[in-house]
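Encoded as structure tokens, the structure appears first; notes follow it.
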Amino acid sequence: MALAAAWRSSIGKRASNMAREVVFRGGRVVTPQGVVAGDVVVRDGVVAQIGPRAAAPGAQVVDATGCYVCPGFVSMHVHGGVGFDLTAGLFDPKTRAFDGSQGRYVEYLPKVAAYFAAQGVTWALLATVASSEERLKLALGWMADYAESAANGRDGAFLDGVFLEGSFIKNPAFSGAQNPDFFFEPAVELFDRLNAAGRGHIRYALIAPEWGASAVKTARELARRGVTTGAGHTACTADEYRAAVAAGMRVAVHLTNGPTGTSTKPFNGGGALEAALTCDEVFAEQIMDGWHIYPGYVMDIIRRKGPDRVCLITDAMFAADAEGISDFEVQGVQGALSETGDYLKVVGKHNTLFGSVLTMNKGVANALSWLTGGTAGVWTERHEPLAFDEALVRAVKFAATNPARALNIYAPSPSRPLAECAGALEPGKRADVVTLKVEGKPGAYSVTVKDVFVKGARVR
């Protein structure tokens, strides 16, 4: 039985969860321009109006008193959670092995979607790790079954497709937690075989620019098709990086975290870090858990790139919020949970981390804390604290608006109507809406997710 058939019983869930009109009342609304008082009115799955108004008869009213009403977060780089990994399947702590069978995908993709929604995520891509072509095809096919089912966006976050991360890395010294045995030279033909298995659901791909002509050719063709490409796990020169950017590459994958090549020498313009910082077109992914990247560096990157070019990611792995996992192996790479439980590390590789256990709402809280707390930088002596509202607008941009822009889902295009665009609460856009409770003080905030709606339907 196809996976889509297994999820068909969810087809009525949208009707039961979705009123024709929903009004988020009494909260403060976070828009790209600022924080405003007022209601958010949703009609037929899209944002209809922001401002004071009375609810129409029969409207579903969400009491947002004391909360912030925000666009749903867009998680562009996450591998899984609650024990499930997109590439390997479900991890069993007792046997310390993965069950990569089809049945585990049927069981756990809905749970992962619900797990993401609990973090305020309404739109997500699941990321692969370097693996054999055969294994990737299986995982991509099962992911496509769920993405095309009626349950998608009703169980929780809308799982739009896949970030192909590990396959097109080149340098084993920059592999991080990826297995070099499964690195392949970029080729449109290989991408097409994988994407055919995933029925067109690869939305984003990492390509290491040091592959040279093949990297440029593949990046150019994927950009022509509307697939986002990014550079990461890379030892390239700045000149090689800029050639890929000229071909359409637009994202620096987890910039500064782990394997990002850098050089202060003038030869070839420096390294990947220098190119990513100086190419204005490039969005910078940042894992904002406080472990992968020292907060001072994060603040320096925000200063250099600007608030519209930074994307908050988790890079979270299957071990996030999974019980009983202390050590594991993924595609031949040994990993372990840190003694404090705050991060994952690669066994035998000093100072190399293995994804994260970060959640998006925690990342937003960290960003808000760093922006309001007054943080010492590394390249900048001190970053002065921002007022709360300005800091919150920036944190929401990092988590929603900027990832949507990087993934080409923010603005309408010939292939995407306004009603299918995300990343901001604006009239006509898809009604992916969350309400957040923010508590604490400057430098130390927490963010709790209350209500989550995907395309106007409550999922939490």
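The values are calculated or read from the model by the stated rules, or taken from the named source; none is laboratory data. What you see is a predicted model, and the numbers here were worked out from it, not measured in a lab. Cβ: placed from backbone, ideal geometry, glycine included. Neighbour counts: every protein chain shown. To get the accessible areas, we keep the full protein, side chains included, count just its heavy atoms, and leave off ligands, DNA and RNA. Shrake-Rupley method; radii C 1.70, N 1.55, O 1.52, S 1.80 Å.
Of note:
- Residue check for residue 408: closer than 22 Å to residue 202 by Cα and open to solvent by 10 Å² or more (accessible area, probe 1.4 Å): yes
Yes or no, residue by residue, for (1) within 30 Å of residue 146 (Cα to Cα); (2) open to solvent by less than 20 Å² (accessible area, probe 1.4 Å); (3) touching a strand residue (DSSP E or B) at 6+ places or on another chain (Cβ under 7 Å):
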site	(1), (2), (3)
212	no, no, no
219	yes, yes, yes
223	yes, no, yes
235	no, no, no
241	no, yes, yes
261	no, yes, yes
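- Comparison of 189, 107, 148, 134 shows that the only residue that is of a type in the set (Asp, Glu) and within 23 Å of residue 251 (Cα to Cα) is 189.
- Residue count, the range 167-182 (criterion: modelled with pLDDT of 95 or more, open to solvent by less than 10 Å² (accessible area, probe 1.4 Å) and either more than 25 Å from residue 212 (Cβ to Cβ) or of a type outside the set (Phe, Trp, Tyr) (or both)): 2
- Number of positions in the range 203-230 that are touching a Ser or Thr at 6+ places or on another chain (Cβ under 9 Å), touching a residue at least 40 places away in the same chain (Cβ under 8 Å) and outside any helix (DSSP H, G or I): 7
- Residue that is modelled with the lowest pLDDT [pool: residues in the range 12-58 that are more than 26 Å from the chain's Cα centre (by Cα) and assigned to a helix (DSSP H, G or I)]: 12
- Considering the conditions (1) assigned to a loop (DSSP other than H, G, I, E, B); (2) in contact (Cβ under 8 Å) with a residue 12 or more places away in the chain, residue 264 is excluded by exactly one of them, (2).
- In the range 122-139, the qualifying residues are those that are over 22 Å from residue 354 (Cα atoms) and of a type in the set (A, V, I, L, M, F, W, C), and the one that is most open to solvent (accessible area, probe 1.4 Å) is 138.
- Unique residue being of a type outside the set (S, T, N, Q), under 18 Å from the mean Cα position of the chain (by Cα) and either in a helix (DSSP H, G or I) or more than 22 Å from residue 226 (Cα to Cα) (or both) when the list is 156, 176: 156
- Restricting attention to the range 94-113, the residues that are under 22 Å from residue 78 (Cβ atoms) and in a helix (DSSP H, G or I) total 11.
- Of the residues making up the range 378-401, those that are open to solvent by 20 Å² or more (accessible area, probe 1.4 Å) and either touching a strand residue (DSSP E or B) at 6+ places or on another chain (Cβ under 7 Å) or closer than 14 Å to residue 436 by Cβ (or both) are 388, 389.
- Residue in the range 92-105 that is within 20 Å of residue 197 (Cα to Cα), buried (at least 24 other Cβ atoms within 10 Å of the Cβ) and without any contact (Cβ under 8 Å) to a residue 60 or more places away in the chain present: no
- Among the residues making up the range 199-210, those that are open to solvent by 10 Å² or more (accessible area, probe 1.4 Å), of a type outside the set (Lys, Arg) and under 27 Å from residue 142 (Cα atoms) are 200, 201.
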